[in-house]
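The structure under discussion appears below in the form of structure tokens.
The values are calculated or read from the model by the stated rules, or taken from the named source; none is laboratory data. Here the structure is a predicted model, which means the values were calculated and not measured. In this analysis, Cβ positions are derived from the backbone assuming ideal geometry, glycine residues included, and neighbour counts consider all displayed protein chains. SASA here: full protein model, heavy atoms, side chains in, ligands and nucleic acids out. Shrake-Rupley method; radii C 1.70, N 1.55, O 1.52, S 1.80 Å.
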Amino acid sequence: MSSPAVAPSPLPPAILIEQPEHARAVEVLVDRAFGPGRFAKSSERLREGNHKLDDCSFVALDDGRVIGSVRLWPVTVGGKPVAFLGPLAVDADERKHGLGQALVEAACDAAAKAGWAAVLLVGDAPYFGRVGFAAEPAAQAIMPGPADQRRVLVKALVEGGDQGLAGPIRIG
Ligand SMILES: CC(C)(COP(=O)(O)OP(=O)(O)OC[C@H]1O[C@@H](n2cnc3c(N)ncnc32)[C@H](O)[C@@H]1OP(=O)(O)O)[C@@H](O)C(=O)NCCC(=O)NCCS
């Protein structure tokens, strides 16, 4: 007697370094997540004309399909180099399974390995606070355009890496 066929369980999404062939799907995902207004954000001023940190930018793949993305960029705060995180996006059908947090953690781990002292971003403190970001050490860091200072958040990757971050945030 043959045993009943068992459906293979689906593989969990893989989190991998973004490759050039993912770029188009990342654009589509981020457009969907943020809408057309995304290019008006002050954060975009730190990305246009900048080059993402290739070794610290990740995608979440489900069977080869891009379902999540996070990118990091080199900037300076008052002359101090930090990695700037964003955009972070997860496909609307794939949210609340920990992918967003896993992408942020992958990017921060890679940035720490690459020698960055801190990661900075503009985002919701209740979300990013769960993964170690805080507004207080970034209170004197000035975005290149309108920004709610309570949403400018930083996470140290080394002891004291979030200290002394004062002055304009510029492409680094
Ligand atoms: C924010 C985003 C990346 C989270 O992705 P995700 O894979 O669902 O994240 P996680 O699974 O790690 O975390 C989900 C949890 O965070 C909460 N959460 C999501 N966005 C939040 C926010 N802006 N503020 C507070 N909590 C938030 C969810 O309610 C959920 O809570 P629960 O664990 O109690 O159910 C995703 O919702 C997204 O792409 N949003 C649109 C783009 C965006 O806002 N990006 C971030 C701004 S830089």
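Remarks
- Partners for Lys80 among lysines (Cα-Cα distance below 29 Å; same-chain residues under 8 apart left out): Lys41, Lys52, Lys113, Lys155
- Carbon-plus-sulfur accessible fraction, region 14-171 (probe radius 1.4 Å, protein heavy atoms only): 53%.
- Placing +1 on each Lys and Arg Cβ and -1 on each Asp and Glu Cβ, with no other charges, gives region 14-171 a dipole about its Cα centre of roughly 480 debye.
- Solvent-accessible area of Glu48 with every protein chain in place, 1.4 Å probe, in Å² to the nearest 10: 100
- Accessible-area value, Asp54, 1.4 Å probe, nucleic acids and ligands omitted, Å²: 100
- Between Pro13, Pro126, Pro137, the residue with the greatest mean-square fluctuation in the GNM of the chain (Cα pairs under 10 Å linked by springs) is Pro126.
- Across His97, His22, His51, mean-square fluctuation computed from a Gaussian network of the chain (C-alpha pairs under 10 Å connected) peaks at His97.
- Helix axis angle, 99-113 relative to the chain longest principal axis, alpha carbon, degrees: 60
- Normalised per residue, the accessible area of region 14-171 is 50 Å², obtained with a 1.4 Å probe and no contribution from ligands, DNA or RNA.
- Computed over region 110-172, relative contact order equals 41 percent, with contacts defined as Cα pairs under 8 Å that lie 6+ residues apart.
- Taking region 81-116 and a reference point 7 angstrom along Cα→Cβ of Arg65, the backbone N atoms nearer than 15 Å belong to 90-95.
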